[in-house]
Structures are given as C-alpha cells and as structure tokens.
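Notes follow the structure.
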Amino acid sequence: MHIVIAMDKFAGTLTAPEAVRAVAEGWLRTSPEDTVTGVPMSDGGPGFLDALGDAFQGRVRFGERLATVSGPLGAEVTGRYLIELRGGAAGDAEVPGHPTAYIEVAEACGLHLIPADERDAKAATTYGVGELIAAALEDGAKRLVIGLGGTCTTDGGAGLLAALGAEPAEVLRAGGGALRSLQTLDLTEPRRRLAGVEIVIASDVDNPLLGLRGAAAVFGPQKGATDDDVQRLDAALTHFAELAGAIGQEPGALRRTLDAPGAGAGGGLGYGLMLLGGRRVPGIGTVITETGLADLIASADLVITGEGRFDHSSLGGKVPTGVAEAALKSGRPCLVLAGLVEVGKRELAAAGFAAAYEVAEQAGSAQEAMAHAELHLTALAERVAKSWSHS
C-alpha cells in the first residue's frame, strides 16, 4: 500500500513535520512493506514555513534566508523566509526566472514572541513583516506567498506598509492605537515597490476588517485588548481605512476591501496586503497546491491527516477538512488521527472522513497525551495500521 500522511501541528506539543514522522514510524512498525509519503501541512498560521520547507526537501530548489527585523514591540527578532531558487530539481544550475518567496508573518509579529503579561494590542506593529517582504524583494522575488495567522498585532498592516515606504512612517509603525492620529496617508512607495509582484495571502480566517466580526472585536482580546481597547482599535482601523479609501482608484473599492473575506486576518494584515493588490486564498488550499499534495494523493491508497484538537471548527476550512476534500476528489479514504476528537461519526462521514482516532484515548488521558505526544501518536498509528493496512 501507498500511504500519504498529511498532518498539521499538534499545538504546544508537536510541529507538523514531527507529527508526520511519528505517524510514519508507527505505521511502518506494523506494515514495513508499505510505502509512506509524509507531507506536513499548515493553514497559513504558525508552522507555515516548517511545513513547506519539509515538503520541498529533495523536490524543489529553495533556500532559507534569515533577516534581523523589528519585533512586534520594537525589539529585534530573527525572522526567516523561504525563496525558490531559479532552477528545477536539486543539482540543476540556476537559470533566470521569477522566484516565489514564502513568508510566515508570525516570524516577525507572532503571539509567541511576547509573554502573555506583556501583550499590547494597541502598540504591537507589523513593521517587521514589511521588512521580511523587503528582504524577499531584494532577493529577487516576484511572487509572495504569505502565511497569515498567529499574530499579536491589530494595526491593519500599517506597520508593514511603513516598512515598505508608506508615509507617515512614524505613526504607521507605532501600532493600531496610533492610527487614530493619522491625518494623511501616502501609499505611493509601497505600491510602486510591489507593482508587478503577485501577492498570495494564505489564511483560514475569513473575517472582515471592521465591526463585530472584525480584527479588533474577534481577535483583539487574545492579544491583550480590553473591551475599551477593542472599541478604540476598531475606531482607529476605521479611520485608517477611510484615509486609504480616499486614495482608492474607483468608487466602491474601499467597501469591497473592508468586507473582503480575510481582510481582518492577522489583526488586519490581510487588509494591508489587499491595499497592495494581495489576493486572499484559503491557507490549506495554498499549501496543498504548493506541496503538490493532490498529485500525491492520486497515487495513494490511503490518506491520513490530523491535528491537536479535531472539533467543529476543524470542519470549517482547516487542515484536516482540506486534506479530506483532496482525498475525496481522488476517491481515496481519509483517516484522522488527533489529540482529541470532538466530532461525531455522522459529521465525520458528511465531511468525507472514513474514521477518526484519538491520541488521548490511546494514552489514557488528555494530560498524558500532551505530556508524551510523540510516543502516543506513534503507538496510535501502529494500532490503526493493523486495521487499515493490506500488507
């Protein structure tokens, strides 16, 4: 049998590549004659680069670049991005081309970069994300695939725009709370620098920029915003958007961008990128495309996916559902191996899954499953293979 293992991270315990390796090891203990292909997955949030980098190994020429950039509260951090090298398979000489750069915004403004008691949704900036984009442009990138998620910012992408030359830079890079004091907004330079560059915004979040489902209201509280902060941030983002709309190219453009699915992703980073011509696509769909997962599934007999907690939100565009849809298109059965499974059998079947298995049940408790996640995920895969492998 040929098994494709396409796992997301188990938040707080295993990265996506680690989860893939654990499942592969367990499966091969039972069925060493099977062929296993591992493809780490991500929906665009934290782990986006790890998933792509692992999947690209040996198949696509790419380079990992490091850049020192401004962190969300000003202190320097080291961020990464991946860039496609101008050539084909490993070993080919580089030839002229239009490479793609892969950027994970959490590298520069991730929630994990700031301790919980120091988070400040009003002051956190996306300036470092703009610096990563600038570095990728200097590297020759003509296409940017930007994974959006896991940020501690709510600045509408203003900091990013400032790093690329928007004015007034001092206000734009000072966080979402400062946007209320803007009197003018000049996006001439960032639009010039990004002219002719394709921007793909990979995100599983489809929230608009403003209002009850907007960036401040929905995501602000997890970033340290009080109820009062949420109101102030939403008002500041509204003012920022009004200024951006004043320099729009056509009537109605502002409204369409504000309401666009994903404009509120990453604390409004989606909106900032849309001002530069960015196009939002579902994060898991992007990763499936970039890794060639659909073609791998077409040649497989069985597909395995999973994540830390498989619940009803997983059915709304996250990794397992995206993988299951790809498996369904090729007529392949798809299993879920997750830390916790909180979806019933009827819902599982309706979403295209053949079965779901829980690491917590294997381990005896959720606490034990988290304490020794790799051990128990491996053991679960070993057990599942006894039921599903034909070897």
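The values are calculated or read from the model by the stated rules, or taken from the named source; none is laboratory data. A quick note: this is a predicted structure, and the numbers were derived from the prediction, not measured. Using ideal geometry, Cβ is built from the backbone for each residue, glycine included, and neighbour counts are taken over all protein chains shown. Each accessible area value is taken on the protein alone, full model and side chains, heavy atoms only, with ligands, DNA and RNA left out. Shrake-Rupley method; radii C 1.70, N 1.55, O 1.52, S 1.80 Å.
On a 26 Å Cα-Cα criterion, which of the cross-link pairs 9/329; 9/345; 223/345 come out too long? Don't skip to the end; give the middle numbers.
Details: 9/329 24 Å; 9/345 23 Å; 223/345 35 Å.
From the list (9/329; 9/345; 223/345), the Cα-Cα distance tops 26 Å for 223/345.
Of 364, 147, 331, which has the largest mean-square fluctuation in a 10 Å C-alpha GNM of the chain?
Residue with maximal mean-square fluctuation among 364, 147, 331: 364.
Return the carbon/sulfur percentage of the accessible area of the stretch 94-160, one whole number, probe 1.4 Å, all protein chains in place. Intermediate results must be reported in sequence, preceding the final value.
On the way: 1000 of 2060 Å².
The C+S portion of the solvent-accessible surface of the stretch 94-160 is 49 percent.
If the only charges are +1 at each Lys and Arg Cβ and -1 at each Asp and Glu Cβ, what is the size of the charge dipole of the chain around the Cα centre, to the nearest 20 debye?
Working: 32 positive and 49 negative charges, 149 e Å.
Computed charge dipole of the chain: roughly 720 debye.
When ligands, DNA and RNA are left out and all protein chains stay put, how many square angstrom of accessible area per residue does the stretch 293-368 have with a 1.4 Å probe? Before the final figure, lay out the partial values.
Values: 3320 Å² over 76 residues.
The answer is 44 Å² per residue.
Which whole-number percent is the relative contact order of the stretch 48-283 (Cα, under 8 Å, 6+ apart)?
Numbers: 568 pairs, mean separation 44.5, N = 236.
Contact order relative to length: 19 percent.
Tell me the label only: which of (i) 30, 24, 21; (ii) 69, 22, 18; (iii) 38, 23, 18 is semi-axes √(5λ) of the Cα gyration tensor in Å as calculated from this structure?
(iii)
Membrane-span-like helices in the chain: DSSP H runs reaching 20 Å or more (Cα, own axis), mean Kyte hydropathy at least 1.6? Kindly include the intermediate steps, with their values, before the conclusion.
Numbers: long enough: 16-30 (22 Å, -0.01); 227-246 (29 Å, -0.12); 373-388 (22 Å, 0.11).
Answer set is empty.
Among 164-170, 215-221, how do they line up from the highest to the lowest mean number of other beta-carbon atoms within 10 Å?
Working: 164-170: 18.0, 215-221: 23.1.
Order by mean packing, descending: 215-221, 164-170.
Among 363, 349, 294, which one shows the biggest mean-square fluctuation in a GNM of the chain, springs joining Cα atoms closer than 10 Å?
Comparing 363, 349, 294 in the GNM, the peak value goes to 349.
Would you mind getting the accessible area per residue of the stretch 48-283, heavy atoms of the protein chains only, 1.4 Å probe, in Å²? All intermediate terms of the calculation are to be shown ahead of the outcome.
Working: 9630 Å² over 236 residues.
Here the per-residue accessible area is 41 Å².
Take the alpha carbon gyration tensor of the stretch 156-206, find the square roots of its eigenvalues, order them as a ≥ b ≥ c, and report rounded if a/c is under 1.5; if not, report prolate when a/b exceeds b/c, else oblate.
Judged from the Cα gyration tensor, the stretch 156-206 comes out oblate (a/c at least 1.5, b/c at or above a/b).
If you roll a 1.4 angstrom probe over the protein chains with everything in place, what fraction of the accessible area of the stretch 342-388 belongs to carbon and sulfur, to the nearest %?
So the carbon and sulfur contribution to the accessible surface is 51 percent.
Hey, in the GNM for the chain with a 10 angstrom Cα cutoff, which one of 184, 154, 226 fluctuates hardest?
For the chain, modelled as a Gaussian network with Cα springs under 10 Å, the answer is 184.
Would you kindly give the portion of the calculated P(r) for the stretch 210-349 that falls above 17 Å, as a percent of all Cα pairs?
Values: 6632 of 9730 pairs.
That fraction is 68 percent.
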